[in-house]
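A short worksheet on the structure shown next.
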Amino acid sequence: MFRQLYRYCLSGGLAFVVDATTLWLLTVKFGVYYQVGVAVGYLFGLTITYLMATLWIFDEHRTDNKIVEFMIFAAIGAVGMALTQAIMWLMVDVAGMNVMIGKVITTGIVTIFNFFAKKIILFTCGGKH
């Protein structure tokens, strides 16, 4: 599991760079409302994380049906996005924090949720269930 967590963090780092860059470009350069930038960046990051999770991080899958697997992955991602939106709102709108600083903190929190949700629901160490 530590190897998986390590790989998840590496792929998450790549996903974060894409996510945060998208957020920064949309909000700073194009003046888009930060919550829209958060959502678009999160979706880009989610796509990278899915590809990396299925190809590199987790060896065993609970299902061979890739459509079902992606739908469950996307559902976990939707919960992660809702958490991201809520935490960002608390940090930016309520606490007055800078959007990018809030993004870094939020990413740390949501990454932990996403890893364990995906690990428990979609992937396993001991073969298919």
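The values are calculated or read from the model by the stated rules, or taken from the named source; none is laboratory data. Because the structure is predicted, anything quoted here is derived from the model rather than measured. Areas reflect the complete protein model, heavy atoms only, side chains present, ligands, DNA and RNA absent. Shrake-Rupley method; radii C 1.70, N 1.55, O 1.52, S 1.80 Å.
Structure summary
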{"item": "Nonlocal amide H pairs with residue 97, under 5 Å, H built at 1.01 Å", "result": "92"}
{"item": "Per residue, in Å², the accessible surface of the chain once ligands and nucleic acids are set aside, probe 1.4 Å", "result": "54"}
{"item": "The chain - mean residue ellipticity at 222 nm from DSSP helices (-39,500 (n - 2.57) per run, n ≥ 4, rounded to 500)", "result": "-24000 deg cm²/dmol"}
{"item": "Among [x] 46, 23, 21; [y] 45, 31, 22; [z] 42, 33, 24, the entry that matches Cα extents along the principal axes in Å as calculated here", "result": "[x]"}
{"item": "For region 16-22, 3J(HN,Hα) per residue [Karplus equation, 6.51 cos²θ - 1.76 cosθ + 1.60, θ = phi - 60°, Hz, x = Gly/Pro]", "result": "5, 4, 5, 4, 5, 5, 4"}
{"item": "Under 19 Å, Cα to Cα: Lys pairs in the chain, sequence gap 8 or more or different chains", "result": "6"}
{"item": "J(HN,Hα) series, region 92-109, from Karplus relation 6.51 cos²θ - 1.76 cosθ + 1.60, nearest Hz, glycine and proline x", "result": "8, 6, 8, 8, x, 6, 4, 4, 5, 5, x, 5, 4, 5, 4, 4, x, 5"}
